[in-house]
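Engineer: Quick one: the structure is below, and I'll ask about it shortly.
None of the figures in this text is laboratory data; all of them are computed from the coordinates on show. This structure is a prediction, so every number in the text was calculated from the model and none was measured. Using ideal geometry, Cβ is built from the backbone for each residue, glycine included, and neighbour counts are taken over all protein chains shown.
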Amino acid sequence: MTFESRHRRFLAEINVIPLVDVVLVLLVIFMVTAPMLYRGMDINLPKSATNTIKPEMRTVLTIEKDQRLYLDKDLVGVAQLEQRLKILKHEHADVSLYLRADRDVPYGIVVQVMDGVKKAGIEKIGMVTEPVGAERVSAPQVSRPAPRKS
């Protein structure tokens with residue numbers, strides 16, 4: 001045996017066949033899942049010269065924990081609130097108001113603010129809440145007397 005026959009030459013090439021297999025599998029996965037992500041419908045709406053649906057104005061009224069009132073992002077006093085809401089109602093007849101009140105604000109303050117909203121003539125009012133999570137309000141437990149044995 002000669003020296004050359006014992007010395008083997010190694011191939012230093014990358015095997016691309018497994019790479020191509022993985023890429024094709026990923027391509028198929030994306031081709032199958034991409035149409036599922038699109039939830040809209042393609043329709044051609046007719047053209048109209050007049051707009052029948054008017055966008056409604058939405059305003060947020062916030063009551064903070066320390067009972068400060070904000071109309072959108074503007075600080076407003078309780079005395080000014082009704083006047084500002086009347087002006088808003090006069091400028092935008094279809095205004096919707098969303099009331100965000102901190103949970104620690106006394107109920108009387110929230111009722112007073114809602115009364116001012118109604119006096120201003122705003123009828124569309126919604127209360128902003130958070131979805132129920134770990135903290136839940138449970139029904140009070142009622143204890144019933146045990147039945148007597150006769």
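Engineer: What fraction of the Cα pairs in the stretch 58-127, stated in percent, has a spacing above 17 angstrom? Mind showing how you got there, number by number?
Structural biologist: Values: 766 of 2415 pairs.
Distances greater than 17 Å cover 32 percent of the Cα pairs.
Engineer: Which value, in debye to the nearest 20, gives the size of the charge dipole of the stretch 58-127 about its Cα centre, when Lys and Arg are +1 and Asp and Glu are -1 at the Cβ?
Structural biologist: Details: 12 positive and 11 negative charges, 19 e Å.
That gives a dipole near 100 debye.
Engineer: As a footprinting exposure proxy, order Met127, Met114 by other Cβ within 10 Å, with the fewest listed first.
Structural biologist: With the fewest neighbours first, Met127, Met114 line up as Met127, Met114.
Engineer: Something else about it: Rounded to the nearest 0.05, what FRET efficiency do Tyr98 and Phe10 give with R0 = 41 Å and r taken as the Cβ-Cβ distance? Could you check? Before the final figure, lay out each step's value.
Structural biologist: On the way: r = 72 Å, r/R0 = 1.75.
Efficiency at R0 = 41 Å is approximately 0.05.
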